[in-house]
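Okay, structure first, notes after.
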Amino acid sequence: MKICPTCQTTYPDDFSLCPRDGARLAAHATATDAQLAAGLSRRFRLIRRLGAGGMGTVFLAEQIGVGNRPVALKVLNRQLLDDPDFLLRFQNEAGSTGRIHHPNVVTIHEAAQADDGTPYIAMEFLEGESLREVLQRRGALPVAEVAEILQQAARGLNAAHKLGIIHRDIKPDNIFLTHDDESNLVVKVVDFGIAKLRESPLHTTTKIVLGTPPYMSSEQAYGMRSDELDSRSDIYSLGVVVYEMLTGRLPFHSDTPAGYLRKHMMEDPPPFRAIAPGLGVPPAVESTVMKALVKDREQRYASALDFAGELSRAAQPSPRAEAPVMLPSTRMVRPPQPEVGQPPPSAKIIRPFEPPPPDSTGATRVNPKEGLKYVWIPPGSFWMGCSPGDAECRDDEKPLHQVIITKGFWLGQTSVTVGAYKRFTAAMGKAMPPAPNFNPGWSDEQMPMVNVSWNDARAYCAWAGGRLPTEAEWEYAARGGSREPRYGVLDEVAWYYKNSGRQPNPVGEKKANGFGLYDMLGNAWEWVIDRYDEKYYENNPSQDPAGPAIGECRVLRGGSWDGEPRFIRVSSRFGVLPGDRGYGIGFRCARDVFPP
């Protein structure tokens, strides 16, 4: 079992994040942990266990003599203390990695022994998740994201290779994804525990095959001597990782380690179409990966940077003209259908920049700064949360309660598009974050902007003259007058994992809700301004509720293209750190007024 350090809720071992507050789960403490804490107490304070492997256990700890600096403390398993081979490999992790000073390689702070003789390494503490966790959660990744991860991992490996250090165990578990202070993705290569120092004579005679069979190079599988291996072995393993990132599967499968070794020596990896038909990866990208996986290392790339550079170039989409932004002079707008027994309202003509009358539900305006349409959402009341009988309802969606929105507001008819976001970054001198590999036939004006943090979304809305909506405003607008979990049949109103083709899709192609809004469900989670509180529905006021005053996480709403149906509902909500990004995370802006 695992436990959430924030809310103390326990979960099965296959959970990595707490669904309630987004915190990373940790294993329960044991009696052995208490013994370790005593032996390390002069230098470290153990906080919680982060994970365990064949060589040892990793803890989050505070390094007492350095201002209680948070570190990842790796401690060798006590039953291995009498094994000189394991001890040597453990010491080499510190010796190898400690010589590498690069932003894409984990930093080693200290390597020594506890009071009871147990060896340990104090490393840079990284907040984020391993590539293994990402692949388990999301499956195949977009080409652009794969290219960015590969580029950074290759830079870290190249720094090691220049020192004569071969990792020899490249796999998704040893590639870690974190973010810097500006929410930019940072990839770290970790665990050089079986790295080979070419200049060390202690490694030249061993006949032990070290590594992880599904990711071993063909020369490792053949049992090539340590002093004969070079950087091209890591390039092969990196190619296996990239193959898995792009297809969601390994190139080879076997039930035994020996079976994997035989396949690495004797079989060619199958083409992408053979294991994932309709994947949509450009042929040039596939060819790049296959070159990294050839059996003859002389035919592979000369360096990890060459591999990453070639794939990055192959991943670039063909140039295409952007669709022009149309600003119509007038538009006929029909409001949503009235309830049974109510007279139908008349259609109205609304001109851009003409303030609408209070009852002009469904009126649209275009913001020329963005080139995006907004829809007028009138004041009203609605039932917020999920019904008691809804089997998909989570605790943080309860109780169902009535909420009044006293002031009308404008809300983006679609989520913010890539084209609109490019206008923002150009005006502000910012760089575009990495984007998924969209279909080349789709223009930037059609595609939802994803991989955006809450901080970036808020900055964009301020630039556009608006703001992020509150949770209450978002759910009121998303319902469009409906009290159902969805405002229509799921496949008719939302892109989700069964119909999305495993990628974001053009905005506005699904059925609109009662307010004339598109994609309030699916395609991309949407940020709102509020902080997350699990008990928010129990405590918020009934009139124009705002989020809690304190709380680390912000709220995402609506579900995404890779989401399961149970999350594609108008009351579904999740708390996520404001600096987090993802290819399923987007946003739309609200406005209180438009200038005359």
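Just checking, does segment 481-493 include any residue being over 21 Å from VAL452 (Cα atoms), in a loop (DSSP other than H, G, I, E, B) and hydrophobic (A, V, I, L, M, F, W, C)? Yes - at least one qualifying residue is present in segment 481-493.
Taken together, the residues in segment 275-290 that are touching a residue at least 12 places away in the same chain (Cβ under 8 Å) and farther than 15 Å from LEU250 by Cα amount to 8.
Listed by first and then second residue, the pairs linking a residue in segment 533-544 that is in the same structural domain as PRO379 (by TED's automatic domain parsing) and within 14 Å of GLU475 (Cβ to Cβ) to a residue that is modelled with pLDDT of 85 or more and basic (Lys, Arg), with Cβ atoms under 8 Å apart and 6 or more places separating them unless they lie on different chains, are TYR537/LYS398; ASP544/LYS407.
List the helices (runs of 4 or more DSSP H) that sit entirely inside segment 231-322 and contain at least 1 residues that are under 16 Å from LYS171 (Cβ atoms).
231-247, 257-266, 283-292, 304-315
For segment 422-444, filtered to residues that are surrounded by 12 or more Cβ atoms within 10 Å (Cβ to Cβ) and among the small types (Gly, Ala, Ser), the residue that is farthest from PRO142 (Cα to Cα) is SER443.
Return yes when GLY551 is surrounded by fewer than 21 Cβ atoms within 10 Å (Cβ to Cβ) and either under 18 Å from TYR460 (Cβ atoms) or touching a Pro at 6+ places or on another chain (Cβ under 7 Å) (or both) and no when it is not. No: the conditions fail for GLY551. Here the condition is being in contact (Cβ under 8 Å) with a residue 12 or more places away in the chain, assigned by TED's automatic domain parsing to the domain that holds ASP390, over 16 Å from the mean Cα position of the chain (by Cα) and in a strand (DSSP E or B); of ASP530, ASP519, it holds for ASP530 alone. Please state which one of ALA147, ALA221 is farther than 26 Å from LEU76 by Cβ, modelled with pLDDT under 90 and surrounded by 16 or more Cβ atoms within 10 Å (Cβ to Cβ). Criteria check complete, one pass: ALA221.
Selection of first residues in segment 203-218 that are more than 16 Å from SER231 (Cβ to Cβ) and in the same structural domain as ASP169 (by TED's automatic domain parsing) and of second residues that are of a type in the set (A, V, I, L, M, F, W, C) and at pLDDT below 85, restricted to Cβ pairs under 6 Å at least 6 apart or on distinct chains, gives the following pairs, ordered by first then second residue: LEU210/ILE194.
Scan segment 571-596 residue by residue and report those that are of a type in the set (Val, Ile, Thr) and more than 22 Å from the chain's Cα centre (by Cα). The one that is of a type in the set (Val, Ile, Thr) and more than 22 Å from the chain's Cα centre (by Cα): VAL593. Highlighted here are the strands (runs of 3 or more DSSP E) found entirely within segment 354-453 that include at least 1 residues which are at pLDDT 90 or above, over 23 Å from TYR518 (Cβ atoms) and out of contact with any Lys or Arg (no Cβ under 7 Å at 6 or more places or on another chain): 380-384, 401-405. Within segment 423-452, being under 17 Å from ARG581 (Cβ atoms) and either more than 26 Å from the chain's Cα centre (by Cα) or of a type in the set (Lys, Arg) (or both) holds for one residue alone: LYS430.
Filtering segment 572-590 to residues that are modelled with pLDDT under 95 and either touching a Gly at 6+ places or on another chain (Cβ under 8 Å) or of a type outside the set (Lys, Arg) (or both) leaves SER572, PHE574, GLY575, VAL576, LEU577, PRO578, GLY579, ASP580, GLY582, TYR583, GLY584, ILE585.
The values are calculated or read from the model by the stated rules, or taken from the named source; none is laboratory data. Just so it is clear, the model here is predicted, and its values are computed rather than measured. For neighbour counting, all protein chains shown are included, and Cβ atoms are generated from backbone atoms with ideal geometry for every residue, glycine included.
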